[in-house]
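Student: The structure that follows is given in the form of structure tokens.
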Amino acid sequence: MMKSNYFLIFFLTFLTVSCVTKPVKEGPYEQAQWETKALVKNLKQNKNQSLTIDVYAVKNQSLRLEISALMGFQVASVVVNPSEISYINFPQKTFYSGANTEAAISRVLNLSLHPMNLARIAFDEPLSGMGWKCSLDTLGLISQCDNLQKNISVKWSDRTEGKKKVVITAPQLEMQWQFSAPQTEVQFKEGLFTLKQPTGFKAIQIN
């Protein structure tokens, strides 16, 4: 798969998704949405890209990313659950679907991170999978997760009133991910965590 697709899954588009929101509540929550912004650094090519990422997630069940580049340019939409992944590349008019594995992501992103771990990052949970070791800060909140074998580090910082910064560092990229406070009193619309092949888009199976 072409390296020009590098930013595809993590980063590139916005589809407006309707849901009803209320103010943030205190304590544990099972589903939420976040408005986030990311600065993605392609370390190999020495290029930066600023992105807006809307995150919708149900803990341990479903994740949807709606991602846009500058001026709201719509490029990708991503839906994952523990076993399946699907995503749309709007500029290339392609629709990808298949098993949700680290291999499916790494061919596009050069990043061995299971997509469901993106939801765990949002929910402030330790990353799961072989080789991950995580630590807590003095308040008992997740602070850092490292995978020495894959040379990947995830660090949480700058927590203020529900906001936070997460930095993901890997051999070929660095992502500085700024989260707004989560909206936790949400009612997700039916079908939010499903993607369908748009008319005229080419279907590609992820093996």
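Student: Among the strands (runs of 3 or more DSSP E) contained in region 107-193, which hold 2 or more residues that are open to solvent by 10 Å² or more (accessible area, probe 1.4 Å) and in contact with a Pro (Cβ under 8 Å, 6 or more places away or on another chain)?
Tutor: Where strands (runs of 3 or more DSSP E) fall fully within region 107-193 and carry at least 2 residues being open to solvent by 10 Å² or more (accessible area, probe 1.4 Å) and in contact with a Pro (Cβ under 8 Å, 6 or more places away or on another chain), they are 132-136.
Student: Then there's this: If a residue has to be at pLDDT 90 or above, in a strand (DSSP E or B) and either surrounded by fewer than 19 Cβ atoms within 10 Å (Cβ to Cβ) or over 15 Å from the mean Cα position of the chain (by Cα) (or both) to count, how many in region 55-74 make the cut?
Tutor: Going through region 55-74 one residue at a time, the tally reaches 1.
Student: What tally of residues in region 31-49 results from selecting those that are in contact with a helix residue (DSSP H, G or I) (Cβ under 7 Å, 6 or more places away or on another chain) and exposed (fewer than 14 other Cβ atoms within 10 Å of the Cβ)?
Tutor: Going through region 31-49 one residue at a time, the tally reaches 0.
The values are calculated or read from the model by the stated rules, or taken from the named source; none is laboratory data. Predicted model only: the values in this text are computed from it and were never measured. Neighbour counts are summed over all protein chains in view; Cβ atoms, including those assigned to glycine, are modelled from backbone coordinates with ideal geometry. Just the protein is used for accessible areas: all its heavy atoms, side chains included, with ligands, DNA and RNA removed. Shrake-Rupley method; radii C 1.70, N 1.55, O 1.52, S 1.80 Å.
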